[in-house]
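What follows is a single structure, written as structure tokens, with notes after it.
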Amino acid sequence: MMNQEQLDDRLGESAALIAAGDFTRARTLLVEITSIFPGSAEAWKSLGVAAEKLGDPLVAERHLKHSLELDEADGDAWSVLGGLYFYDLGRHEDALRCFRAGLAIDPADTYPLMNYLTVEAVRSGGDSLLRDHGVALKESETRCIDQIEQGVNLPWCHFDLGQALFFQGRHEECRSVLQAAFGHAGSWQVTSASLPYERLSGTAEFAAPARAVLALFAAARPAETTT
């Protein structure tokens, strides 16, 4: 039986593989971990992430839901599942439900907030975003700046800050922040961060600025990692 220290070490290995974009090796390791330590919600969540990145959304959904059965207070898992529903399966209401669950756990968490706003903008337009969520966007901006200064949550704090600025109509600042983000990001992270703008480019209100941002992503995307 794997003890807690060994589990933590193996989870650290899998997290490093995921961060490097090596999802095939991460999945192999995580299958082993979940077979030895089936009660690890973190392992099932990471296995769901790997499955989604390897093009198995329904398998990913099963793993993520099991992770939440083990730990329903994991806001990150709710956000990952919400992203799966929105970006992979087109299930907008399920995505919103998951992002609301993540925000209920941590109202200041930029991961569910940025994605919640993206779904709302795609689903019903962006007219009310600033009116209804202006305070949250400013708080997110502050939180991301703090993370950047501390050097934590890279590159996602840059990407989230860029999106918070985007929703506030501060498009030039958004593009500047994204340029900084690219220096900290690998190929899969750049691709993942571009997805909200791809969806927003199909809306009436955000089409033009989203396409300008997508041009930055296209120019900056590094070579794909083979996994």
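Under a 1.4 Å probe, what is the accessible area of the chain per residue, stated in Å²?
Heavy-atom accessible area per residue stands at 46 Å².
Quote the FRET efficiency, to the nearest 0.05, computed for residue 184 versus residue 142 with a Förster distance R0 of 25 Å and r equal to the Cβ-Cβ distance.
Here the calculated transfer efficiency is 0.80.
Helix 4-19 sits at what angle to the longest principal axis of the chain, using alpha carbons and giving 0 to 90 degrees rounded to 10?
Taking Cα atoms only, the helix is inclined about 40 degrees.
Return the sequence-ordered ³J(HN,Hα) values of segment 78-88 in whole Hz as given by the Karplus equation 6.51 cos²θ - 1.76 cosθ + 1.60 applied to θ = phi - 60°, using x for Gly and Pro.
4, 5, 4, 5, x, x, 4, 5, 6, 7, 9
Express in whole angstrom the spacing between the alpha-carbon centres of segment 16-35 and segment 38-99.
16 Å
Out of these labelled values of Kirkwood radius over Cα pairs in Å, [x] 19.5; [y] 18.0; [z] 18.8, which was calculated from the coordinates shown here?
[y]
Mind telling me which of 135, 190, 119 comes out most flexible in a GNM of the chain, alpha-carbon contacts under 10 Å?
135
When the solvent-accessible surface of protein heavy atoms is calculated with a 1.4 angstrom probe, in what order do 34, 191 fall, highest first?
If we order 34, 191 from most to least accessible, we get 191, 34.
Carbon and sulfur together cover what percent of the accessible area of the chain at a 1.4 Å probe radius?
51 percent
The values are calculated or read from the model by the stated rules, or taken from the named source; none is laboratory data. Bear in mind that the values here come from a model prediction, so they are computed numbers and not experimental data. For neighbour counting, all protein chains shown are included, and Cβ atoms are generated from backbone atoms with ideal geometry for every residue, glycine included. The accessibility values were calculated without ligands, DNA or RNA, using every heavy atom of the protein model including side chains. Shrake-Rupley method; radii C 1.70, N 1.55, O 1.52, S 1.80 Å.
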